[in-house]
Amino acid sequence: MSSSTETQITEWLASQRQPMIELLRDVVNIDSGSYNKPGVDAVGARFERHFAEYGIACFREPHDVSGDALHGSVAKPGSNEKPVLLMGHRDTVFPKGEVAHRPFSIEGSRAHGPGVADMKAGLVINVFVAAAFAKFGSAPCPIKLLITSDEEIGSPSSRPVIEREARAARAVYNSEPGRPTGNITTSRKGGVFMRFEIFGKAAHSGNNFGDGISAIGELAHKIVRIHALTDMAKGITLNVGLIAGGQSVNTTAPHAEGQIDLRYIDPADRATTLAAIEAIIATSTVPGTTAKLHINGEFLPLVQSESSKILFDAYRAAAKDAGLPKLDGEFAGGCADSGFTASVGTPTLCGLGPVGGNVHTAQEWLDLDSIVPRATALALAILRIPVD
Ligand SMILES: [Zn+2]
């Protein structure tokens with residue numbers, strides 16, 4: 001790739017700081033919680049407008065319940081080369097009405113607002129990098145964009161789409177927020193989100209105590225045993241983060257339930273830990289109780305493969321030339337869609353978005369000065385993609 005192409009794209013992205021901030025403001029100012037399909041689709045429509053402005057081909061893959069998957073592509077007609085996939089989600093963890101009381105705002109070099117870092121800024125750099133390639137026609141391979149709709153709830157509708165697109169791609173760049181340190185994410189934990197129910201028997205706890213079977217009593221035993229599966233040295237953690245149950249203070253509880261968040265690093269630990277949880281669910285300490293386990297959703301871990309390591313080295317060199325000399329790879333306990341793409345065997349990098357922090361809270365912030373360097377690093381990394 002000629003250095004004049006690199007200069008052209010670098011200079012153009014540097015001139016787009018303000019338009020990128022304006023697109024960011026527009027998409028942050030639309031409520032798009034994962035269950036809010038109209039809101040998530042409205043964010044998609046704003047990105048479609050951007051695609052139309054830059055002549056980027058796009059289409060929606062509709063979904064009845066979640067927001068539609070939005071696809072974009074920049075490719076020479078008839079190209080059958082393997083594309084790179086620029087990925088991100090446009091849903092947030094925030095409820096309807098959040099934008100009304102804290103819309104997009106700027107204080108010094110930081111922007112605030114729901115989803116500003118996680119991960120609307122990442123989507124903005126993805127679509128501007130695609131615009132640069134559409135404008136200058138210099139991409140070394142087709143560029144595909146995938147903007148998903150339900151990552152914050154475990155990607156139930158997007159996972160098959162993500163896996164399909166990742167299998168067809170030579171590399172995946174996921175623009176989740178850059179780490180507060182300025183690093184990107186090269187590995188992540190996997191997570192399984194479960195709910196368990198316990199069934200006992202109601203009885204008046206004064207008159208007929210002996211007839212009752214306490215589901216809450218059993219819940220307490222199970223929580224202690226589930227938490228005891230935590231192995232900090234191996235990075236396996238168990239958290240029963242929600243519980244509910246019972247009918248009244250003077251009734252033995254006929255029903256109780258809890259929700260479990262399991263996190264792990266080594267893919268092999270998933271099956272062994274799930275088997276241990278299933279055994280706990282199947283064994284009752286309070287005689288007469290029964291229990292059931294449901295898996296609500298899950299993310300696979302992002303494990304750094306040899307080919308992902310090569311992709312990372314190329315990205316780090318590009319980032320250096322984009323003015324980010326100290327950038328390194330980092331491990332994150334949080335899960336993301338990059339675990340799915342790495343698990344189908346496609347080299348994957350995550351956390352390539354602009355730098356931010358305090359995500360999922362009202363204190364979420366985005367470093368505006370990181371927008372142009374992160375966009376430039378991504379564009380240069382694509383221009384210099386290692387050939388297979
Ligand atoms: Zn995210």
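Coordinate-derived values only; no laboratory data. Owing to the predicted nature of the structure, the values given are computational and were not obtained by experimental measurement. Here Cβ is always computed from backbone atoms with ideal geometry, including for glycine, and neighbour counts include all displayed protein chains.
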- prompt: Hey, any hits in the stretch 318-337 for a residue that's within 16 Å of the ligand (Cβ to nearest atom), more than 16 Å from ASN183 (Cα to Cα) and out of contact with any Lys or Arg (no Cβ under 7 Å at 6 or more places or on another chain)?
  reply: yes
- prompt: Checking ALA69 against (1) without any contact (Cβ under 8 Å) to a residue 40 or more places away in the chain; (2) crowded, with 22+ Cβ neighbours inside 10 Å; (3) not aromatic (Phe, Trp, Tyr), which single condition isn't satisfied?
  reply: (1)
- line: The lone condition ILE153 fails out of (1) under 30 Å from GLN16 (Cα atoms); (2) within 16 Å of the ligand (Cβ to nearest atom); (3) aliphatic (A, V, I, L, M) is (1)
query: Does the stretch 7-32 hold any residues that are buried (at least 18 other Cβ atoms within 10 Å of the Cβ) and assigned to a loop (DSSP other than H, G, I, E, B), and which are they?
result: GLN16, ILE30, ASP31, SER32
- prompt: Does the stretch 282-310 hold any residues that are of a type outside the set (A, V, I, L, M, F, W, C) and in a strand (DSSP E or B), and which are they?
  reply: THR290, LYS292, HIS294, ASN296, GLY297, GLU298
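Could you say which residue among GLY67, GLY88, GLY55, GLY72 is over 22 Å from GLY339 (Cα atoms) and either polar (S, T, N, Q) or not in a helix (DSSP H, G or I) (or both)?
Working: GLY67 fails: over 22 Å from GLY339 (Cα atoms); GLY88 fails: over 22 Å from GLY339 (Cα atoms); GLY72 fails: over 22 Å from GLY339 (Cα atoms).
One residue alone meets the criteria, GLY55.
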message: All but one of (1) in a helix (DSSP H, G or I); (2) touching a residue at least 60 places away in the same chain (Cβ under 8 Å); (3) of a type outside the set (A, V, I, L, M, F, W, C); (4) surrounded by fewer than 20 Cβ atoms within 10 Å (Cβ to Cβ) hold for GLN259; state the number of the condition that does not hold.
response: (1)
- prompt: strands (runs of 3 or more DSSP E) wholly in the stretch 110-201 with at least 2 residues that are surrounded by fewer than 21 Cβ atoms within 10 Å (Cβ to Cβ) - which ones?
  reply: 110-112, 190-199
- prompt: Of the conditions (1) in contact with a His (Cβ under 7 Å, 6 or more places away or on another chain); (2) buried (at least 18 other Cβ atoms within 10 Å of the Cβ); (3) under 21 Å from VAL359 (Cα atoms), VAL93 fails just one. Which one is it?
  reply: (2)
